[in-house]
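The values are calculated or read from the model by the stated rules, or taken from the named source; none is laboratory data. Note that this is a predicted model, so its numbers are computed, not measured. Neighbour counts are summed over all protein chains in view; Cβ atoms, including those assigned to glycine, are modelled from backbone coordinates with ideal geometry. Protein only, heavy atoms only, side chains kept; ligands, DNA and RNA dropped before computing areas. Shrake-Rupley method; radii C 1.70, N 1.55, O 1.52, S 1.80 Å.
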Amino acid sequence: MTLPDGLRKHSFRKWYERELFSSHAHMLLLFLCTIGLLAAMEVYSKSAPALDQVIDVLAVILFTAVGVWSLRRYLYLLMHAERVANQAVCAQCETYGRLSLVDEDPATSQVTVRCKKCEHEWPISH
Ligand SMILES: [Zn+2]
């Protein structure tokens, strides 16, 4: 979910929570791929039938590809959430994360938000 959609439908804190949850779900997928990769490498044997060897090699390739993708996705989602969270502090009253969406500019990937406590407005890049 994009930041403007998250601010429109829920709140900043819910959006942030969902980003972190999604990020860590990808980390769990990475962990499972690592287990699958190690299991596929463990069962590989040169004395096994050729079809079993091919299946093992395909499993290694699949687990590696999905694992690399999930690692990249995990890091992207985590860094994106942290980058936005670092901008979610009101400069006027120092309230964290209590903001509402005022305007969005898809061309610059920037949203203008308003503090729910003091009505101060500022841009957030996402
Ligand atoms: Zn404020």
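Structure notes:
- The requirement of being away from the ligand (no atom under 16 Å from the Cβ) and open to solvent by 70 Å² or more (accessible area, probe 1.4 Å) is not satisfied by VAL60.
- For region 91-101, a tally of residues being farther than 18 Å from MET1 by Cβ and either open to solvent by 60 Å² or more (accessible area, probe 1.4 Å) or touching a Phe, Trp or Tyr at 6+ places or on another chain (Cβ under 6 Å) (or both) returns 5.
- The combined condition, being free of Cβ contacts under 8 Å to residues at least 12 places away in the same chain, of a type in the set (Ser, Thr, Tyr) and at negative phi, is fulfilled by TYR96.
- Check on MET27, open to solvent by 40 Å² or more (accessible area, probe 1.4 Å), away from the ligand (no atom under 16 Å from the Cβ) and free of Cβ contacts under 8 Å to residues at least 40 places away in the same chain: no
- Residue, farthest from LEU7 (Cα to Cα), within region 39-84, restricted to residues that are part of a helix (DSSP H, G or I), without any contact (Cβ under 8 Å) to a residue 60 or more places away in the chain and among the small types (Gly, Ala, Ser): ALA50
- Meets criteria (within 16 Å of the ligand (Cβ to nearest atom) and under 18 Å from MET1 (Cβ atoms)) for GLN87: yes
- Scanning region 102-126 for residues that are open to solvent by 40 Å² or more (accessible area, probe 1.4 Å), of a type in the set (A, V, I, L, M, F, W, C) and near the ligand (Cβ under 9 Å from one of its atoms) gives a single hit, CYS118.
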